[in-house]
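What follows is a short report on a single structure.
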Amino acid sequence: MKELVLPRIAIDTREQSRFMFDGYESYRTTLQTGDYSLEGLTDVLAVERKSHGDAWAMLTAERKRFERCLERMALLDRAAIVIECSMAEFVVPPPQVKRVNAATAMGSYISWSTKYRIPVYWAENRQWAERITLRILAAYYKHCADGACVTIERARVEAQLLEVG
């Protein structure tokens, strides 16, 4: 397989279980939103990683905070959520979750994906989640980071931030 050529991968300093991205240069920084991006593109691109337990926590105690994160991600040119388990594994709630069932959990992620225009990727395992994250970053760099797309999107985001602020 042809190796992907990318700028350095930006990894949020708050990311506790970070991907290593063997063969790719990365650096730690405080990202405004998301866990992963690319150097020079942190204001237009973000990938949010969730373990099985984290993904369920976003449905309960962390819901309001996560929805604020989704609102920030929706302002970016591209964003994605990568969950470190298959869809079949995801619908089995962790033992500590008592008030949310599988249908509600799936419904929430589908609803958020539609409302905020942010795709959700269920990866088979952590290794696949890392690979999917890398491919999302690479696809953005290949198809959108050539200048025109990024310049237009930065202007759109700046205009929205001025309206909000």
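The values are calculated or read from the model by the stated rules, or taken from the named source; none is laboratory data. No experiment lies behind these values; they were computed from the predicted model shown. A quick note on method: Cβ atoms are made from the backbone with ideal geometry, for glycine too, and the neighbour counts reach across all protein chains shown.
Please tell me if Ser86 is exposed (fewer than 15 other Cβ atoms within 10 Å of the Cβ) and modelled with pLDDT of 95 or more. Step through it out loud before you land on a result.
Numbers: exposed (fewer than 15 other Cβ atoms within 10 Å of the Cβ): yes; modelled with pLDDT of 95 or more: yes.
It is true that Ser86 is exposed (fewer than 15 other Cβ atoms within 10 Å of the Cβ) and modelled with pLDDT of 95 or more.
Of all positions in region 73-81, at least one carries a residue that is modelled with pLDDT under 95, within 23 Å of Val157 (Cα to Cα), surrounded by fewer than 20 Cβ atoms within 10 Å (Cβ to Cβ) and in contact with an Asp or Glu (Cβ under 9 Å, 6 or more places away or on another chain).
Could you tell me whether any residue of region 66-77 is assigned to a loop (DSSP other than H, G, I, E, B), without any contact (Cβ under 8 Å) to a residue 60 or more places away in the chain and within 16 Å of the chain's Cα centre (by Cα)? No: zero hits.
Taking the condition hydrophobic (A, V, I, L, M, F, W, C), part of a loop (DSSP other than H, G, I, E, B) and within 16 Å of the chain's Cα centre (by Cα), does Phe21 pass?
Working: hydrophobic (A, V, I, L, M, F, W, C): yes; part of a loop (DSSP other than H, G, I, E, B): yes; within 16 Å of the chain's Cα centre (by Cα): yes.
For Phe21, the condition - hydrophobic (A, V, I, L, M, F, W, C), part of a loop (DSSP other than H, G, I, E, B) and within 16 Å of the chain's Cα centre (by Cα) - is met.
Out of the residues in region 18-50 that are out of contact with any helix residue (DSSP H, G or I) (no Cβ under 8 Å at 6 or more places or on another chain) and small (Gly, Ala, Ser), state the one that is surrounded by the most Cβ atoms within 10 Å (Cβ to Cβ). Working first, answer last.
Of all residues in region 18-50, those out of contact with any helix residue (DSSP H, G or I) (no Cβ under 8 Å at 6 or more places or on another chain) come to 18, 22-23, 25-31, 35, 39-40, 42, 50.
Next, only the ones that are small (Gly, Ala, Ser) stay: 23, 26, 40.
Details: Gly23: 8, Ser26: 17, Gly40: 14.
Top of the filtered list is Ser26.
Looking at Gly53, Gly34, Gly40, can you tell me which residue is of a type outside the set (S, T, N, Q), modelled with pLDDT under 95 and in a loop (DSSP other than H, G, I, E, B)? Answer to the check: Gly40.
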